Amino acid sequence: MTAPRLLLPTPPRAPLFDVAAALPGALATGLVACVRLDLPGAAEDEIRRAADALRPLCHEADVALILKDHVALAAPLGLDGVQVEARAHRLRDLRRDLGKDAVLGVACGASRHDGMTAAEAGADYVLFGPLTPDASGAAPADPELFDIWSESIETPVVAEGGLTETLAETLGPLLDFAAPDTSAWEGDLPGSLIRLAAALGG
């Protein structure tokens, strides 16, 4: 199995100028397969400005740019797909509405059942996390979940939420993709991605 590539979430509250300035260096590492635009609670105008700023950077690097949650805006903004929460949508209907060429990622918490449902509905990837306890109180996704998934399910799996380099060493052989924490944007972003990729086995 090849080393996992990275799904890079944008930091929700960072200034757009800072994100756009840092992104080319991250993409130049060749480690990022997909950038996920995370703008919870943002107005449509803000989402549009962010999409317009980041889309050409991603597409020039042949990297997909997807939008978290704002399903109706992805296609009009020229984005490559969406990531949604497993229980927030009728996934089969969403898969049909998006079309077969759009990316559909589904976040499933620590629920193998939700992951199976998403895979059967045609998700392009299933995301499990957080990996460690966080402020949300959500149950962490156990490494055993990734082990079982990698052994029995073909749909690509992503790990996100508290992915330390130590955890990355354990989970790397079980993953298709991994999402670094947004704290990586606070310093040397390319360096952080390179270190995480090395821990994952890259």
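The values are calculated or read from the model by the stated rules, or taken from the named source; none is laboratory data. Keep in mind that what you see is a predicted model, and the values were worked out from it rather than measured. Quick reminder, even Gly has a Cβ in these numbers, built from the backbone with ideal geometry, and neighbours come from all protein chains shown. These area figures cover heavy atoms from the full protein model, side chains too; ligands, DNA and RNA do not enter into them. Shrake-Rupley method; radii C 1.70, N 1.55, O 1.52, S 1.80 Å.
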Self-check item: Per-selection metrics, region 89-157 (Cα): Rg and Dmax in Å
Solution: 12.5, 36
Quiz item: Which GluC sites (Glu not before Pro) does region 112-179 hold that lie in a coil by DSSP with at most 14 other beta carbons within 10 Å?
Solution: E154
Quiz item: Share of the chain's accessible area from carbon and sulfur, percent, 1.4 Å?
Solution: 51
Quiz item: Taking the Cα-to-Cβ direction at F17 and at R48 and moving 7 Å from each Cα, how far apart do the two end points lie in nm?
Solution: 2.2
Quiz item: Over its Cα atoms, what ratio of radius of gyration to 2.2 N^0.38 Å does region 106-202 give?
Solution: 1.05
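Let me know the volume per residue of the alpha-carbon convex hull for the chain, in Å³.
About 114 Å³ per residue, rounded to a whole number.
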Exercise. Would you mind calculating the relative contact order of region 5-49 from Cα pairs under 8 angstrom and at least 6 residues apart, reporting the percent as a whole number?
Key: 54
Practice problem: Would you please give the residues with an amide H less than 5 Å from that of L65, counting only those at least 5 places away or on a separate chain, with H modeled from the backbone geometry? | Solution: V35, D80
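Given Cα pairs under 8 Å that are at least 6 residues apart, what percent is the relative contact order of the chain?
22
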Quiz item: Which loop-located trypsin sites (Lys or Arg not before Pro) does region 71-148 contain, where loop means any DSSP state but H, G, I, E or B and the Cβ has at most 15 other Cβ atoms within 10 Å?
Solution: R90, K100
Quiz item: Translational D (Stokes-Einstein, µm²/s) of region 1-95 at 4 °C and 1.567 mPa s when Rh comes from the Kirkwood sum over C-alpha pairs?
Solution: 93
Quiz item: Over region 6-117, what is the relative contact order in whole percent, taking alpha-carbon pairs under 8 Å and six or more residues apart?
Solution: 20
Quiz item: What does the accessible area per residue of the chain come to in Å², with a 1.4 Å probe and no ligands, DNA or RNA counted?
Solution: 48
